[in-house]
Amino acid sequence: MTNDRPGEAPSARVEIYLDDSERPIIEQDLPTSVTLDTNTLADGPHRLRIRATDRTGKVSVRDVRFKVRNGPGVTVTGLVPDSVCHGVIEVGVNAFSAEEPFEPQRAETHSSIPVWVWVMTLGIVAWAAWYGASMWHVPGQYATTPTYSASGAR
């Protein structure tokens with residue numbers, strides 16, 4: 001790194017490259033703040049390559065991978081990645097964007113209740129039945145009252 005201005009220390013600089021571009025999208029002195037408009041990028045994976053040079057000329061490079069998702073969010077039910085399928089399967093697809101007017105029927109994706117919810121519900125109901133049955137011990141002083149005695153209906 002050379003200093004074009006004698007008497008002044010060279011400045012630390014940063015160059016930021018997008019994806020595999022050879023030309024930096026940003027070249028600024030450090031420290032700096034950068035704004036990246038993802039609306040100009042295609043949805044999908046991208047990479048920022050940040051090349052910083054300090055005042056002594058030492059260079060450090062860092063890659064930051066990120067995904068752009070400006071389009072609507074897509075939800076798929078009934079099929080998961082890398083699944084093995086046979087026969088006829090029903091696949092539900094829904095897409096909803098934050099810029100669209102809110103429609104509750106479109107904003108929520110319908111799917112079946114997961115098996116674990118049914119198992120937990122059954123477990124809670126079974127425990128409640130067991131608890132109720134095990135606590136059905138009538139104290140002796142009330143056992144002879146008409147409510148609890150077998151001959152109570154006179």
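Bear in mind these aren't lab numbers, they're just calculated from the coordinates by the rules spelled out. Please read these numbers as outputs of a predicted model, since none were measured by experiment. Note: ideal-geometry Cβ built from the backbone for every residue, glycine included; neighbour counts use all protein chains shown.
Assorted remarks:
- Applying 0.36 nm per residue to the separation of His46 and Ala95 and subtracting their alpha-carbon distance, the gain on full extension is 15.4 nm.
- Anisotropy class of the range 13-68 from Cα gyration tensor, a/c 1.5 cut: prolate
- Among 88-94, 23-29, sorting by the average number of other beta carbon atoms lying within 10 angstrom of each residue, highest first, gives 23-29, 88-94.
- Peptides 50-60, 11-21, 132-142 ranked from most to least packed by the mean count of surrounding Cβ atoms within 10 Å: 11-21, 50-60, 132-142.
- Calculated FRET efficiency for the pair Thr38/Trp116, C-beta based, R₀ 41 Å, to 0.05: 0.65
- Distance between modelled label sites at His86 and Asn70, nm, 7 Å Cα→Cβ extension: 4.6 nm
- Projected label distance in nm at Ser21 and Val61, using a 7 Å step from Cα toward the beta-carbon: 1.7 nm
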